[in-house]
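This report concerns only the one structure given below.
Just so it is clear, none of the values below were taken in a lab; they were calculated from the coordinates. Here the structure is a predicted model, which is why all the values come from computation and not from measurement. Note that each Cβ is placed from the backbone with ideal geometry, even for glycine, and that neighbours are counted across all protein chains shown.
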Amino acid sequence: MPSNPDVVLAAVDVHEVEHVYGTGRDAVTALGPISLSVRPGSFVVLVGASGCGKSTLLRLIAGFERPTSGAVRVGGREPVPGAGAGVVFQQPRLFPWKTVGGNVDLALRYAGVPKPERPGRIGELLGRVGLHDVAGRRTWQISGGQQQRVAIARALAGDDDLLLLDEPFAALDALTRERLQEDLRQVTGETGRTCVFVTHSVDEAVFLGSRVVVLTHRPGRIALDLDVDLPRSGVGPDRLRALPEYAALRTVIGQEVREAAGGR
Amino acid sequence: MIYTQSGTAVEPSVVPVGGSAPAGVPAKRRPRRILVRLGALAALVAVWQLAAVTTRNPSFVPSPKAVWSQLILTSTTHDGVRGYSGHYLVEHLGISLRRILIGSVLGTAVGLILGVVMGTVPWIRVVTEPVVTFVRALPPLAYFSLLIIWFGIDETPKLWLLTIAALPPVAVATASAVYGAPIGLVEAARALGATRRDVIRDVVLPNALPEIFTGVRLAVGLAYSSVVAAETINGVPGIGGMVRDAQRYLQTDVVVLGLLAIGLSGLLIDAALRTAENRLIPWRGRS
Ligand SMILES: Nc1ncnc2c1ncn2[C@@H]1O[C@H](COP(=O)(O)OP(=O)(O)O)[C@@H](O)[C@H]1O
Ligand SMILES: [Mg+2]
């Protein structure tokens, strides 16, 4: 089984967490009870049907929500937005009043990077997500895939050890999505960041995750927790997808996701 | 809601000339819209000439030519008389524009601050909103009497009047835009480590800028239509004062000239504001 918190301090520790939206008759239990410990450097993918509480779990880890019961720890501390984790949302959420470079610049400023260093860092960050010569563009002048790349570059600006991504590629076309998946794997591999990635796509989960966690339908609990032992280096994306182990994992996880979603 | 009110509130200052394109025309079609306006203007002059010829009463409908010669007379010194009432037309207009400028700037500045506070502090919004709406509903002439009693008949009450007229639209537009800041972008900024002040400066205010600008254009329009009211008392020099004096002496051609000067300068100022808007807010409608 995955990490043992006694041996290594977990990057993320979710302990007996339950989350309820609203009160009284309107109360909706969105998540839990759920416990999850994320080892530093791992790439955890949360898979589940829509509405099962994936975003809720991610928002709890990001510090946007406080759990109704239980505890969430990031790097041993209670999470606060903007401290300890970069976040990428389903929509790029770029600031349209800033240029592409301006968006990254703002993130660097919030991260406390002094002004003279920022221009160089902007180019470096955009380059890392495969973008060149777009810093001066307006955010609506680049494609949806490029916008999401900028959002990733912006989330990397803080140099946090943890990266949280909530279905970041769901709105993109298949081709662009595969490209971004490959590039994200490379970026996170190079930088050794811990990732918690939410998706409803089984293929995406198997391709990206070093560990895949399947959630039940609402309120989301763990239905399956699986380490993915696919060769990560020296194998191109197409070769990886063609491996028999890849197909086997897809089948297992796909079945579990369908079962976990119940009769929906 | 702001839009409908903008329509009715701005029109009086813009319409006297005649042709006015429908609001909300995309920026790309601006040159064409100006052409349409000029065309409408030409048509109006033709109709006007026809009306002047058929009525044959210059005190009722002065001919375009009579108004043109008034333009020359009021812009020159003739028989030792300088322009109209001792001031050239441009001086009358300049004084009025200066009043409009000061009133709009003051009203915008105060409205902006008030709007941000109203949009961010709920209880202040609850307290001030009815007051602002109340003042907004009052015709400027209604409180002008009070301002005269308080501040006399010179420059002060006029500037107060224009400031009070310009303030509410900016405050209301700013407040609603600040209050309605998109949660998604605010969260994105917070996730990047923005403080509360950062969020207001880097997300809430830029996001509100298009609506604030609409409020400013409304405010300038209101200051414009209020300046004539402000100049009904001790208004010379001033274009409103000039029109009022001319009305007393049945100098209809001067009245029409004054109206044209007000309307045309109003069009120019609104066009300038639109240009500034497109320059300053390239992301308008993109978010
Ligand atoms: N702010 C909220 N208020 C009330 N209910 C919410 C809120 N956010 C999410 N929910 C509900 O909680 C459940 C889980 O939502 P979410 O975490 O967004 O699921 P997922 O991301 O897996 O699709 C859903 O039923 C959703 O309707
Ligand atoms: Mg979701």
- Message: Can you tell me which residue is farthest from ligand 1 (Cβ to nearest atom) among those in segment A:36-80 that are within 17 Å of the chain's Cα centre (by Cα) and of a type in the set (D, E, K, R)?
- Response: A:ARG39
- Message: Being surrounded by fewer than 22 Cβ atoms within 10 Å (Cβ to Cβ), without any contact (Cβ under 8 Å) to a residue 24 or more places away in the chain and at negative phi is true for just one of B:VAL243, B:VAL236, B:VAL255. Which residue is that?
- Response: B:VAL255
- Task: Might you let me know whether segment A:15-28 holds any residue that is buried (at least 24 other Cβ atoms within 10 Å of the Cβ), touching a strand residue (DSSP E or B) at 6+ places or on another chain (Cβ under 6 Å) and more than 14 Å from chain B (Cβ to nearest Cβ)?
- Result: yes
- Message: Suppose we keep only residues that are away from ligand 2 (no atom under 16 Å from the Cβ) and among the small types (Gly, Ala, Ser) within segment A:39-73. Which one would you say is surrounded by the fewest Cβ atoms within 10 Å (Cβ to Cβ)?
- Response: A:SER69
- Item | Residues (loosely packed, with under 15 Cβ neighbours inside 10 Å and under 29 Å from B:PRO206 (Cα atoms)) located in segment B:136-183 | B:ALA137, B:GLY180, B:PRO182, B:ILE183
- From the list A:ALA205, A:ALA170, A:ALA151, A:ALA155, pick out the single residue that is surrounded by fewer than 17 Cβ atoms within 10 Å (Cβ to Cβ), under 22 Å from A:LEU60 (Cβ atoms) and in contact with a helix residue (DSSP H, G or I) (Cβ under 9 Å, 6 or more places away or on another chain). A:ALA170
- Query: Where in segment A:162-264 are there strands (runs of 3 or more DSSP E), lying wholly inside it, with at least 1 residues that are under 25 Å from A:VAL129 (Cα atoms)?
  - Reply: A:162-166, A:194-199, A:211-215
- Residues that are on the phi > 0 side of the Ramachandran plot, within 12 Å of ligand 1 (Cβ to nearest atom) and in contact (Cβ under 8 Å) with a residue 24 or more places away in the chain, drawn from segment A:11-35: A:GLY32
- Mind checking which pairs have a first residue in segment B:107-126 that is closer than 14 Å to B:ALA181 by Cα and a second that is of a type in the set (Phe, Trp, Tyr), Cβ under 6 Å, 6 or more apart or different chains? B:GLY119/B:TYR179
- Message: Consider segment B:176-204. How many of its residues are hydroxyl-bearing (Ser, Thr, Tyr) and part of a helix (DSSP H, G or I)?
- Response: 2
- Item | Looking only at segment A:91-117, and only at residues there that are more than 10 Å from every other protein chain (Cβ to nearest Cβ) and part of a loop (DSSP other than H, G, I, E, B), the one that is farthest from ligand 2 (Cβ to nearest atom) | A:PRO114
- Message: Quick check on segment A:118-138. Is at least one of its residues assigned to a loop (DSSP other than H, G, I, E, B), buried (at least 18 other Cβ atoms within 10 Å of the Cβ) and within 9 Å of chain B (Cβ to nearest Cβ)?
- Response: no
- Task: May I ask you to verify whether B:ILE269 is among the aliphatic types (A, V, I, L, M) and more than 18 Å from the chain's Cα centre (by Cα)?
- Result: no
